[in-house]
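Report on the following structure.
The values are calculated or read from the model by the stated rules, or taken from the named source; none is laboratory data. Since we're looking at a predicted model, the values are computed, not measured. So basically every Cβ, Gly included, is an ideal-geometry build from the backbone, and we count neighbours across all protein chains shown. All accessible areas refer to the heavy atoms of the entire protein, side chains included, with ligands and DNA or RNA removed. Shrake-Rupley method; radii C 1.70, N 1.55, O 1.52, S 1.80 Å.
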Amino acid sequence: MTSLPSSSAAPAVAKLTAAAAADPAAEAEADAYERTHVHGVYQAIASHFSATRHKPWPGVASFLQAQHPASIGLDVGCGNGKYLGVSPSVFMLGSDRSSALVALARSRTAHPDEPATPQGAIKTRGEAATTGAAAPATATPTADTNANAPAQGGRSSTSDVLVADGLSLPFRNEGVDFAICVAVIHHLSTRARRQDAIRQLLRCVKTREAASGHVLVYVWALEQGNSRRGWEEGGEQDLLVPWVLKSQTRTPKTKAPRGPKTSKDTPSGGEPPSPTASADAAGAGGVGQPDPVFKRFYHLYRQGELEEDRDNWWVVAANDAPISRREK
Amino acid sequence: MKLLTLNFLSCAVKTCKTSPLSFPLHPKDAELAKDDVEPNPDLLTNILPRLDWSALRTTAAELGFPDLPETAPSPEELVEGGKTVQDLHELLMETQIVEGKLVCGCCGHEYAVREGIANFLLPSHLV
Ligand SMILES: [Zn+2]
């Protein structure tokens, strides 16, 4: 549910950036800020968040499926592990800052037959993937991801997960063939930290083999002309974006009538049927306590910014941000 | 956490990255479990060149497994159904560290493993 307005995080970011410039030790302040506005939120909303995150984005899935068979990859910020089983021919090491999400990812990869039943397909908009040898232009739908997942009964033979901070990754230098980092780096509050996160990814991948060394980074884009949130060029980039934690004990309220003609027939499936639905969910609607609202920090990347932040050769599929489609 | 994974992990502390002592991490008070994992000889064969074999030997020795050969087996030795493949499969894919600690040989920091999940978040003085 996404129609609550975002609020500005610009003053906070300005303060953190200035503090870090004056004293490198002030890094701890940015860390604390993210603990409140990112990590703490994900810990709190993990299971609700996970329940809304089943379908891999096609651009990421095709990148994974294009990797050399039996290569080893990282998924930094793996969340509930939805990308870990996309390509059963590669071995994936997933890490996330949230132990709650990692625990979900572990149980998910251990039991790949558990349901993944999002409504409708998640579509990406404005695909800007430039992935060199990888990622064919035609994104492959991955509705059958779970069918591909290995390991009946036992744990997945093709992934493992651990808890780690993206700025202090425990992976050895140049150990793996590729890395993905999807919808993660925009949660870091200063530019120096976002650049450092990208450096960390690059440090972990091999550089020698031509067929490997690819890093795929996805971030939310500022320029989203048709976003309900009204994000567009020239707008503010540092924001607090609300997440309404829907009560797990109630059936989700939507304005749409239940019946044969609900979301299945609409092109955007998982999207809430109308903006007013989430205002309703935010507490006006009757039963029990209002649903709590968590504010997550986002830095929306303007066009070209991600390329400025990169080092030299890595691969980016940037600025793809179907926010209104993904958020539910 | 699989022993395969341990072969790709070093200390999370930045200043340790340049030290050879930070890899591999050393299991301590490790409680192991063996999962039933479908064998995947192709994956195993392809992963072999990506392993740090000497680190794997260290890990196996520290956990009390029989000594591994000094050099990694050649592709010819990895015949499907053969003992070498089976042994490596069990060691890398099926053996899990479910509880215990992973210790950095450089800074001495101990990372906890609980319920099969290693936690590499650092206390603020080490970040
Ligand atoms: Zn260390």
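Brief remarks on what is shown
- The angle between the Cα long axis of helix B:53-62 and the longest principal axis of the Cα atoms of chain B comes to about 70 degrees, rounded to the nearest 10.
- Dipole axis of segment B:3-126 (+1 Lys, Arg; -1 Asp, Glu on Cβ), positive-most option in B:G100, B:V37, B:T84: B:G100
- Gaussian network model of chain B, Cα within-10 Å springs - most flexible of B:E70, B:E110, B:E99: B:E70
- Segment B:3-126, accessible surface, carbon-and-sulfur percent (1.4 angstrom probe): 50 percent
- Across segment B:3-126, Cα pairs under 8 Å and at least six residues apart give a relative contact order of 37 percent.
- Whole-Hz ³J(HN,Hα) from phi, Karplus 6.51 cos²θ - 1.76 cosθ + 1.60, for segment A:167-179, glycine and proline x: 8, 9, 6, x, 7, 5, 5, 6, x, 10, 7, 7, 8
- Annotation: amide H of A:K295 within the under-5 Å range of A:W243, sequence separation 5 or more or interchain, hydrogens built in the peptide plane.
- For B:106-114, mean number of other protein chain Cβ atoms within 10 Å: 1
- Counting only other chain Cβ atoms within 10 Å of each residue's Cβ, the peptide A:49-58 averages 0.
- When the C-alpha to C-alpha distance is required to be over 21 Å, the pairs from A:K82/B:K14; B:K34/B:K83; A:K55/B:K34; A:K295/B:K14; B:K2/B:K34 that qualify are A:K82/B:K14; A:K55/B:K34; A:K295/B:K14.
- Among B:T71, B:T95, B:T84: highest mean-square fluctuation, GNM of chain B, C-alpha pairs under 10 Å: B:T71
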